[in-house]
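The values are calculated or read from the model by the stated rules, or taken from the named source; none is laboratory data. Bear in mind the structure is a predicted one, so any value in this text is a computation, not a measurement. Here the Cβ positions follow ideal geometry from the backbone for every residue, glycine too, while neighbour counts run over all protein chains shown.
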Amino acid sequence: MSEAKTPPEDLKFETLAVHAGMEPDPTTGAIMTPIYQTSTYVQDDVAQHKGYEYSRTDNPTRTALQTALAVLEEGRYGLAFASGMAAIDTVLRLLKPGDHIVAGNDLYGGTYRLFTQILAKTGLAFSFVDTSKPQDIENAMRANTELVWLETPTNPKLKLADIASTARIAHHGSARLAVDNTFASPALQRPLTLGADFVIHSSTKYIGGHSDMVGGAVILNNEEVYAQLKYLQNGIGAVPGPMDCFLALRGVRTLALRMRTHCQNAQQIAEYLQTHTAVKEVYYPGLNNHPQFELAKRQMAAPGGMVSFTLHAGEPAARLVALNTNLFSLAESLGGVESLIELPAPMTHASVADSPLAIDPGLVRLSVGVEHAEDLIEDLAQALATIN
Ligand code: P1T
């Protein structure tokens, strides 16, 4: 589809979140973009259509979502996918056998699995480094490095990478910079404005915001690369259905509101955990002892809704805490209105076990929801009390 319409420059993020991609339906005036639950479109003449011919290629509900995401990330083009993994896979298909990718050594387990178990077989080579250290990224660059892959904040240890510095390092050679912005969302950080070439989302998370759909997205500025990705999106076909596009679009409209509360609650919980005698270490970029606290203030509007921590009593105690919360549900995923708790090592990051990326089995990860902070802290307090 065409480039996202540039909205008036003076509109703030909250306003854009409500209005971006939202055009009244041309046939009825419906204010909500309808769920165009159709696979095909009747043509006026042979190969003469109204911009839509087949829903793998384009669908109006998907178009609305793609436009909204492009506007919110301050990019020219958006592409929606059936999942975050489908979005990542499609970006990596821009590369060719022999190409090298530098990626973070703390990243979503599924991304690591895709890179090392699936894409490595196609002749791509990967180096995993600490992307919170620009020098480590620079040292890992090779003549054939075509892509630098960042998560910032990382999943699950919430390290930050300096996007602008990394973009300079990548662009010094022929590499492009991709930033998985899932943990921040465009409400908190817009990597394209800092020099990134691609923004990737698991829209399953904050963008959808209600744990009721799975989706992914890629946003970019380069017209030629957009055309290649669009070709791959259609050619591979890992596209979202219109119902999931509708749900993601509906989520986008409250993204700014939700992120504010996620961040406020997470800050209070991180500070509470830090004072608790059973807690060994808290990982949250909003704490002033976080190694990238200053970068967080510079690069992000707020430090996000994810908090990780370890306990002095280690893994058995961590399991007990995760089993004993009432408001925090024991589940994978993140970014929904309800709070979740999990142990990344045996759950979301099981695929990094026995690898150099292996995670402390006692690490606990919280996706802090939008409930009242006092209720959430009380829930954690009673769960932590069960280990004493
Ligand atoms: O689950 P899916 O929509 O395919 O998105 C994959 C993905 C990509 N990038 C990041 C940073 C992610 O966190 C994820 C998915 N993560 C979880 C399911 C999780 O619980 O961490």
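Matching residues to (1) in contact (Cβ under 8 Å) with a residue 60 or more places away in the chain; (2) surrounded by fewer than 21 Cβ atoms within 10 Å (Cβ to Cβ); (3) within 16 Å of the chain's Cα centre (by Cα):
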{"position": "205", "(1), (2), (3)": "yes, no, yes"}
{"position": "217", "(1), (2), (3)": "yes, no, yes"}
{"position": "220", "(1), (2), (3)": "yes, no, yes"}
{"position": "233", "(1), (2), (3)": "yes, no, no"}
{"position": "236", "(1), (2), (3)": "yes, yes, no"}
{"position": "255", "(1), (2), (3)": "yes, no, yes"}
{"position": "258", "(1), (2), (3)": "yes, no, yes"}
{"position": "266", "(1), (2), (3)": "yes, no, no"}
Is it true that some residue in region 28-43 is part of a loop (DSSP other than H, G, I, E, B) and closer than 30 Å to residue 194 by Cα?
no
Matching entry among 148, 102 (being more than 16 Å from the ligand (Cβ to nearest atom) and not basic (Lys, Arg))
102
Just one listed residue, out of 227, 217, is within 13 Å of the ligand (Cβ to nearest atom), within 25 Å of residue 146 (Cα to Cα) and not assigned by TED's automatic domain parsing to the domain that holds residue 331, and it is 217
Checking residue 323 against (1) surrounded by fewer than 15 Cβ atoms within 10 Å (Cβ to Cβ); (2) within 16 Å of the ligand (Cβ to nearest atom); (3) assigned to a helix (DSSP H, G or I), which test does it fail?
(2)
Among the residues of region 180-196, is there at least one that is under 30 Å from residue 364 (Cα atoms), of a type in the set (D, E, K, R), outside the structural domain of residue 336 (by TED's automatic domain parsing) and away from the ligand (no atom under 11 Å from the Cβ)?
yes
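Among the residues that make up region 196-205, is at least one of them closer than 17 Å to residue 242 by Cα and not in a loop (DSSP other than H, G, I, E, B)?
Narrowing region 196-205 to residues closer than 17 Å to residue 242 by Cα: 202-204.
Then keep just the ones that are not in a loop (DSSP other than H, G, I, E, B); that gives 202.
Yes, some residue in region 196-205 is closer than 17 Å to residue 242 by Cα and not in a loop (DSSP other than H, G, I, E, B).
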Being out of contact with any strand residue (DSSP E or B) (no Cβ under 8 Å at 6 or more places or on another chain) and of a type in the set (A, V, I, L, M) is true for just one of 220, 229, 257. Which residue is that?
257
Out of region 11-27, which residues are at pLDDT 95 or above and surrounded by fewer than 11 Cβ atoms within 10 Å (Cβ to Cβ)?
12
Across region 328-355, what is the number of residues that are within 20 Å of the chain's Cα centre (by Cα) and not in a strand (DSSP E or B)?
18
Taking into account only those residues within region 356-388 that are modelled with pLDDT of 95 or more and of a type in the set (S, T, N, Q), which is nearest to the chain's Cα centre (by Cα)?
367
Residue check for residue 307: within 16 Å of the ligand (Cβ to nearest atom) and β-branched (Val, Ile, Thr):
yes
Would you please name the residue that is farthest from the ligand (Cβ to nearest atom), looking only at residues in region 361-378 that are under 24 Å from residue 254 (Cα atoms) and assigned to a loop (DSSP other than H, G, I, E, B)?
372
Can you tell me which condition residue 166 does not meet? The list is (1) within 16 Å of the ligand (Cβ to nearest atom); (2) surrounded by 24 or more Cβ atoms within 10 Å (Cβ to Cβ), and all the others hold.
(1)
Are any residues in region 63-85 surrounded by fewer than 23 Cβ atoms within 10 Å (Cβ to Cβ) and either within 11 Å of the ligand (Cβ to nearest atom) or under 14 Å from residue 239 (Cα atoms) (or both), and if so, which ones?
63, 82, 83, 85
